[in-house]
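> Below are the structure tokens for one structure; questions will follow.
Derivation of every value follows stated rules applied to the coordinates shown; laboratory data play no part. Just so you know, these numbers come straight off a predicted model, no measurement behind them. Methodologically, a virtual Cβ is constructed for each residue, glycine included, from the backbone with ideal geometry; neighbour enumeration extends over all protein chains shown.
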Ligand SMILES: NC(=O)c1ccc[n+]([C@@H]2O[C@H](COP(=O)([O-])OP(=O)(O)OC[C@H]3O[C@@H](n4cnc5c(N)ncnc54)[C@H](OP(=O)(O)O)[C@@H]3O)[C@@H](O)[C@H]2O)c1
């Protein structure tokens, strides 16, 4: 299922911001090339194809899914459509890389996984962080005991976007909310380092129209009582760090979603700084992982397996279900 040059033939669904970033990344790797793009509009598909030198543009997603010159589809639509678009491609026999979060809830993720399993196809949530050199170094250092036994972890991702009810981040119909869009990164870091998490509590602040969360903080407990404090925000800039604390020191990553630097502070020693920039805009690493896995006949990436996407989706379902922790206005509290 590769072209004559040994590379994967990619198709892209959606022509928005992240689709352009991913195309820039694909350009920087010899492991794949884009053969077709699909948009809801023929004109937008054509414009995108012209921008990136793609031979075929489809004015419809179903046409892209059926395109015989496509091996793997990158689903880059807003989260409420990840489920239906990924299923459409899997049912057409295509491998799928789907943007994060994998879907709106765990049930949808389970259905996507079932479709990939029954079709013997590759499916992966685009959790690109896991393939970045600095992140991988941090994982190795912790596994090698550099900071001793892990005791606690904190991570956050917050950006300050002006409130606009039509913006994807704030519009519930477009899958809005800080948790699904941004919180997925600190949560993914926590599940990667700690495994299964128990949600101890969560606080959420809502948008002015009270439709989606703008700030969410989760307190969770990993195996052995390791604590995780995880925050995200769409209306505040946060430092964006991840800090892992062990019995013999602590390790810090500069940006939880795309780290380039790891600093290890070991008790009684000078801090050690490791610079590990990613290539290009960073998405090239996940694109290469997809190519590697498909070439090896794998259905899942060992670093972002289906069980991880299911675990993340379940956790985010739980956080949103912890209704008693949602901010209440003074009237309802008093009443
Ligand atoms: N990995 C990352 O770093 C990263 C960064 C940003 C976003 N993302 C993820 O990527 C996904 C898309 O985000 P984005 O920022 O690229 O969004 P965006 O700029 O709004 O683009 C989304 C695209 O999806 C298509 N689409 C299909 N149905 C749509 C609908 N009902 N409303 C709006 N657009 C629709 C549109 O393409 P056509 O009109 O051409 O069909 C649109 O251009 C999200 O799930 C987000 O979480 C990931």
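> If I take every Cα pair under 8 Å that is 6 or more residues apart in the chain, average their sequence separation and divide by the length, what percent do I get for the relative contact order?
Relative contact order comes out at 18 percent.
> Still on this structure, please answer the following. Measure nothing fancy, just the Cα-based angle from helix 82-91's long axis to the longest principal axis of the chain, in degrees from 0 to 90, nearest 10.
Between the helix axis and the principal axis of the chain, the angle is about 40 degrees.
> Based on other C-beta atoms within 10 Å, arrange 232, 151 from fewest to most.
Listing 232, 151 from fewest to most nearby Cβ atoms yields 151, 232.
> Tilt of helix 17-27 relative to the longest C-alpha principal axis of the chain, in degrees (0 to 90, nearest 10)?
For helix 17-27, the angle is close to 70 degrees.
> Using 0.36 nm per residue, how much length does the chain from residue 117 to residue 140 gain when fully extended, once their Cα-Cα distance is taken away?
5.3 nm
> Still on this structure: Can you classify region 178-222 as rounded, prolate or oblate using the Cα gyration tensor, where a ≥ b ≥ c are the square roots of its eigenvalues, rounded means a/c under 1.5, and otherwise it's prolate if a/b beats b/c and oblate if not?
Oblate, since a/c reaches 1.5 and b/c is not below a/b.
> Which value in nm describes the separation of the simple spin-label points at residue 296 and residue 221, placed 7 Å from the Cα toward the beta carbon?
Distance between label points: 3.6 nm.
> Another question about this same structure. According to a simple spin-label model (label point 7 Å from Cα along Cα-to-Cβ), what is the distance in nm between residue 166 and residue 51?
Taking the two extended label points, one gets 1.9 nm.
> Mind sorting 13, 159, 54 by how few other Cβ atoms lie within 10 Å of their own Cβ, fewest first?
Taking fewest neighbouring Cβ atoms as first place, the list is 159, 54, 13.
> Once the Cα atoms of helix 42-52 and of the chain are each reduced to a long axis, what angle between those two axes, in degrees from 0 to 90 to the nearest 10, is obtained?
It works out to around 80 degrees.
> Follow-up question, since we're still on this one. Report the Cα centroid-to-centroid distance between region 178-229 and region 237-291 in angstrom, as an integer.
Cα centres, region 178-229 to region 237-291: 19 Å.
> Can you classify the chain as rounded, prolate or oblate using the Cα gyration tensor, where a ≥ b ≥ c are the square roots of its eigenvalues, rounded means a/c under 1.5, and otherwise it's prolate if a/b beats b/c and oblate if not?
Oblate, because a/c is 1.5 or more while a/b does not exceed b/c.
> Expected output is a single nm value to one decimal: the length gained when fully extending between residue 272 and residue 151, i.e. 0.36 nm times separation in residues minus the C-alpha distance. What is it?
41.5 nm
> Run lengths n ≥ 4 of DSSP H only: what is the helix-derived mean residue ellipticity at 222 nm for the chain, with -39500 (n - 2.57) per run over all residues, to the nearest 500?
It lands at -9500 deg cm²/dmol.
> Given labels modelled 7 Å from the Cα in the Cβ direction, how far is it in nm from residue 322 to residue 211?
My value for the distance between the label points is 2.6 nm.
> Shape call for region 92-143 from the C-alpha gyration tensor, a ≥ b ≥ c root eigenvalues: rounded (a/c under 1.5), prolate (a/b greater than b/c) or oblate?
Prolate, because a/c is 1.5 or more and a/b exceeds b/c.
> Report the full-extension gain for the segment residue 27 to residue 105: residue separation times 0.36 nm, less the Cα-Cα distance, to one decimal in nm.
Length difference between fully extended and current span is 24.9 nm.
> Averaging sequence separations of C-alpha pairs under 8 Å and six or more residues apart, then dividing by the length of region 8-127, give the relative contact order as a whole percent.
So the answer I get is 23 percent.
> Let me ask something else. Let me have the relative contact order for region 201-325, percent, based on Cα pairs under 8 Å that are six or more residues apart.
So the answer I get is 15 percent.
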